[in-house]
1. Among bridges DSSP assigns within the chain, what percent are antiparallel (round to 5)?
2. In whole percent, what relative contact order does region 100-184 give with Cα contacts below 8 Å and a gap of six or more residues?
3. Could you calculate the FRET efficiency of Asp224 with Arg67 from 1/(1 + (r/R0)^6), where r is the beta carbon distance between them and R0 is 51 Å, rounded to 0.05?
4. Give the aspartates and glutamates reachable from Lys100 as a straight Cα distance under 18 Å; neighbours fewer than 8 places away on the same chain don't count.
5. If amide hydrogens are placed 1.01 Å from N in the peptide plane, which non-local residues have theirs closer than 5 Å to the one on Ile223?
6. Over the chain, what percent of the accessible surface lies on carbon and sulfur atoms, probe 1.4 Å?
7. Could you calculate the contour length gain from Met162 to Ile126, that is, 0.36 nm times the residue separation minus the distance between their Cα atoms, to one decimal place in nm?
8. Sort 238-245, 227-234 by packing, meaning the average of other beta carbons within 10 Å per residue, with the highest value first.
Amino acid sequence: EDGTVNSKLLIYRKKTHTDQYLNFNSHHPLHQKLGVIRTLMDRCNTVVTEETDRQQEIEHIKQALSRCNYPDWTFRKVESQINRSRQKKDKNPKKKHDDKPKGRVTLPYIKGVTEPLERIFKKHNIATSVKPKTTLRSLLVHPKDKIEDPVKTDCVYKIPCMICNKVYIGQTGRTFGCRLEEHRKEVDNINMGRYTRARKKEAEKQENKSAVTDHVTRNNCVIDWGNAKVIYREDKKCVRWIMEAVWIRKSTSVMNRDEGGYRLSHVWDSI
């Protein structure tokens, strides 16, 4: 009679809706899983107008997420978080957050490692976001043809010895095949002859262009050219130098005469 229309709002779901959400057993951080519950609860509290309908919607959410292996304690935890948030807003409705984060860091998620790092960054007022370390897409989808090692450029490579367990770690901005051929030519041009103690002493006094050649002449070894491979790729030369030094440090036994083009601090040895 007064011209008003009595209406109520509900959550609409298509007939094809499956109620499938992020599974609780999946390899994701806990705050993302709790975020699924919080999002659905917030939508319910914001959209649904009648209290009876709201309770039915909450019950539907709990049943759907229980099928996705969400335990009961997760719902209680989210409810307490929502209540605390409301209480803070009621006490300080006009309070502004002046304490802005100094920056943001994106971390790959590794269970048991990422969580402590997030807490450390939080102490220093640095915001963090998490991304998956390995996805099905990265494992299964490869739209581009695989590039063979000989034509790869801007890389760190490894050349193993066939006789002993030593390896040579190097880096190049040119193609790996071109750099490998240079190593091979220098070794082939050395006239080894008969390997004697006198020959070994003479080889130890001489220094060739490549540490690979020195290893062959001084130890009478044979290089396993067939198993030489690219172990890292990086366009930036300075970063490539660092990675060369890292791989030299990581390798237990190397032919290299030095630690590479970058002097890597021993602080990083424990990592």
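1. Given both bridge residues lie in the chain, the antiparallel proportion sits at roughly 60 percent.
2. Over region 100-184, the number comes to 22 percent.
3. On the way: r = 54 Å, r/R0 = 1.07.
So, using R0 = 51 Å, E works out to roughly 0.40.
4. Of all the aspartates and glutamates, those that pass the test against Lys100 - Cα under 18 Å, at least 8 places apart if same chain - are Glu118.
5. Amide H to amide H, under 5 Å and 5 or more residues apart or across chains, Ile223 pairs with Met162.
6. Solvent-exposed carbon and sulfur of the chain make up 51 percent of the total.
7. Numbers: separation 36, 0.36 × 36 = 12.96 nm, distance 4.94 nm.
Here the answer is 8.0 nm.
8. Result, highest mean Cβ count within 10 Å first: 238-245, 227-234.
The values are calculated or read from the model by the stated rules, or taken from the named source; none is laboratory data. Note that the structure is predicted; figures quoted are calculated from it, not measured. Cβ coordinates were reconstructed from backbone atoms using ideal geometry, including for glycine residues, and neighbour counts include every protein chain displayed. For the accessible areas, the whole protein counts, side chains as well, though only heavy atoms, and no ligand, DNA or RNA atoms are used. Shrake-Rupley method; radii C 1.70, N 1.55, O 1.52, S 1.80 Å.
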